[in-house]
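Enquirer: Mind having a look at this structure? Questions to follow.
The values are calculated or read from the model by the stated rules, or taken from the named source; none is laboratory data. Remember, predicted model here, so these are calculated numbers, not experimental data. Positions of Cβ are backbone-derived with ideal geometry, glycine not excepted, and every protein chain shown enters the neighbour counts.
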Amino acid sequence: MTKEWVCVVALALLLPATAHAETREAWQAPTLTITRYDEDWSDLADPEKRDHHWTGPFKYIPLGEITGGEAWLSTGIELRARSENYDDNLWGGADAPDDGYVWLRALPYADLHLGKVRAFVQPIAATSIGMAPSAGPVDETGVDLLQGFVEADLGPVSLRGGRQMLSLGTERLIGTRYGPNVPLAFDGLRADVTLGKAQVTLLALRPVQPGNGSFDDRTSPDKALWGAYAALPGLDLYYLGYRNDAARWDTREGRETRHSLGARWHGNRDRWHWNVEGVAQFGHFDGGSIRAWTLGTELGHAFPDLPFAPDITLRANVVSGDTNRGDHRLGTFNALFPKGKYFGELSPVGPYNLVNVHPTLGLQLAPTVSASVAAAAFWRYSRADGIYDIPGNLVRAAGDSRARFIGKELEATVAWQASAELELSASLSAFAPGAFIRETGPASTIHMLGLESNFRF
């Protein structure tokens, strides 16, 4: 794996900014986010605070006073190199089962504030090295616009129009697809309404369909998303509507209109933490009806007083599948636009027609080094349905197999926050096939290695 390590580490060595050291008392900066537009750097209007770290002059650039408030600009960038390596991908059934490649991307951004109005722009430059048999739109997109919108702050209501990434809840249904090289964005309108302690997000959007070349990303002509997501203390409630004019489930194709009603209960108390989310779906597909559902549970306990501050978490998921391929009812749950790392850093299966148990042990090896070890087991919910990857593509048809057990996966990860801006991480995992995989095609154990260098400010 020498050349992959060289590609990942080289980016870090070429970043001279990491050599800067803080010379004053540390200033508590906002938490860096994936979407970047929800970071609030307005506190740096104080010139003394801008001097606390070398990034200060980039995060708040004063432009003077205007009618209605201050004018200022915030800038930043992400530079990421990621190497992924597979032996016997898709249990030996992939077009390139022993694939190894490197993703490279740059995500600069500029956030202009003019009183109560802002304009946010984030281009993307993304390419890949060594993709086999060929690179797809989530692997490279040349140079294009990832995010670009205008937002007006009207007090309890903010209105936004343009291109933007979305992250709702734990990204079970709406996520940024941050793990792959090209994140997911949407074109359309968004309104955020504050009602007491509740934050309600209203959406009318279409996903962006990336292309492999520069400046060829387009609004999807086939897919649309609309709905409302209410976040209250400890509880999220939402409705999401979805349409896909060219949907495909197993061997069936047609127009899909799906409605999702969901609730998420989450919180922490006395070192316990929990996250429980259920979704019911109904609608129409290919002239028939849709009846699908999912229930995801997470319960964990932290032990901060023990060596390495272990945190033990148990996750269990049930995701419905289609129980009868011959009728006019579709029972396969649609995860819509889920996060890219759904069952860990690297996993061949996604949240469709699935029963999953997933314990994880998290460790803090040092103040800047964290690690985790996770095990997972996967079964089919329905014997009549196949298994799918995270985007929802069929990766193994049901065939004539009556077996439910898909297989088991073991994963170990480690991450080092080398500086406030630079993180280095690695993951190693193996997915051993179960009876269903052995009965329906190639059935080798998948070995997966991920290496990443990520510089952000």
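Enquirer: Being under 30 Å from Gly188 (Cα atoms) and within 25 Å of the chain's Cα centre (by Cα) is true for just one of Pro97, Pro156, Pro133, Pro137. Which residue is that?
Expert: Result of the check over Pro97, Pro156, Pro133, Pro137: Pro137.
Enquirer: May I pose another question? How many of the residues making up the range 109-129 are under 19 Å from the mean Cα position of the chain (by Cα) and either surrounded by fewer than 17 Cβ atoms within 10 Å (Cβ to Cβ) or of a type in the set (Lys, Arg) (or both)?
Expert: Going through the range 109-129 one residue at a time, the tally reaches 1.
Enquirer: Applying the selection to the range 16-44, what residues are modelled with pLDDT of 80 or more and either part of a loop (DSSP other than H, G, I, E, B) or in contact with a strand residue (DSSP E or B) (Cβ under 7 Å, 6 or more places away or on another chain) (or both)?
Expert: Pro30, Thr31, Leu32, Thr33, Ile34, Thr35, Arg36, Tyr37, Asp38, Glu39, Asp40, Trp41
Enquirer: Please find, among Asp270, Asp250, Asp286, the residue that is over 21 Å from the mean Cα position of the chain (by Cα) and without any contact (Cβ under 8 Å) to a residue 24 or more places away in the chain.
Expert: The conditions single out Asp270.
Enquirer: Same structure, new question: Looking at Phe215 and the list (1) touching a strand residue (DSSP E or B) at 6+ places or on another chain (Cβ under 7 Å); (2) closer than 28 Å to Leu346 by Cα; (3) in a loop (DSSP other than H, G, I, E, B), which single condition is not satisfied?
Expert: Result: Phe215 passes all but (2).
Enquirer: Out of curiosity, is Leu159 more than 19 Å from Pro348 (Cβ to Cβ) and touching a Lys or Arg at 6+ places or on another chain (Cβ under 9 Å)?
Expert: Yes: the conditions hold for Leu159.
This table checks each residue for (1) modelled with pLDDT under 95; (2) crowded, with 18+ Cβ neighbours inside 10 Å; (3) more than 23 Å from Leu295 (Cβ to Cβ).
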site: Pro351; (1), (2), (3): no, yes, no
site: Asn356; (1), (2), (3): no, yes, no
site: Gln364; (1), (2), (3): no, no, yes
site: Val369; (1), (2), (3): no, no, yes
site: Arg383; (1), (2), (3): no, no, no
site: Arg396; (1), (2), (3): no, yes, yes
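Enquirer: For the range 34-75, how many residues are within 25 Å of the chain's Cα centre (by Cα) and surrounded by fewer than 13 Cβ atoms within 10 Å (Cβ to Cβ)?
Expert: Selection size over the range 34-75: 2.
Enquirer: Is one or more of the residues making up the range 102-122 within 20 Å of His447 (Cα to Cα) and in contact with an Asp or Glu (Cβ under 8 Å, 6 or more places away or on another chain)?
Expert: yes
Enquirer: Being surrounded by 20 or more Cβ atoms within 10 Å (Cβ to Cβ) and at positive phi narrows it down to one residue among Trp91, Trp103; which is it?
Expert: Being surrounded by 20 or more Cβ atoms within 10 Å (Cβ to Cβ) and at positive phi holds for just one of Trp91, Trp103, which is Trp91.
Enquirer: Still on this structure: Kindly provide the set of residues from the range 131-161 that are surrounded by fewer than 16 Cβ atoms within 10 Å (Cβ to Cβ) and part of a loop (DSSP other than H, G, I, E, B), ordered by number.
Expert: Within the range 131-161, Ala132, Pro133, Ser134, Gly136, Leu154, Gly155, Pro156 meet the criteria.
Enquirer: Could I ask something else about it? Looking only at the range 81-103, count how many residues are touching a Ser or Thr at 6+ places or on another chain (Cβ under 7 Å) and in contact (Cβ under 8 Å) with a residue 40 or more places away in the chain.
Expert: Summing the residues that are touching a Ser or Thr at 6+ places or on another chain (Cβ under 7 Å) and in contact (Cβ under 8 Å) with a residue 40 or more places away in the chain in the range 81-103 gives 6.
Enquirer: Okay, moving on. Would you mind finding the one in Val200, Val279 that is within 19 Å of the chain's Cα centre (by Cα) and either of a type in the set (A, V, I, L, M) or modelled with pLDDT under 95 (or both)?
Expert: The match here is Val279.
Enquirer: Among the strands (runs of 3 or more DSSP E) contained in the range 53-120, which hold 3 or more residues that are among the acidic types (Asp, Glu)?
Expert: So the answer is 69-87.
Enquirer: Which residues, counting only those in the range 321-343, are within 21 Å of Tyr238 (Cβ to Cβ) and of a type outside the set (Phe, Trp, Tyr)?
Expert: Thr332, Asn334, Ala335, Leu336, Pro338, Lys339, Gly340
Enquirer: So which of Ala375, Ala418, Ala426 ends up being without any contact (Cβ under 8 Å) to a residue 40 or more places away in the chain and within 30 Å of Gly76 (Cα to Cα)?
Expert: Ala426
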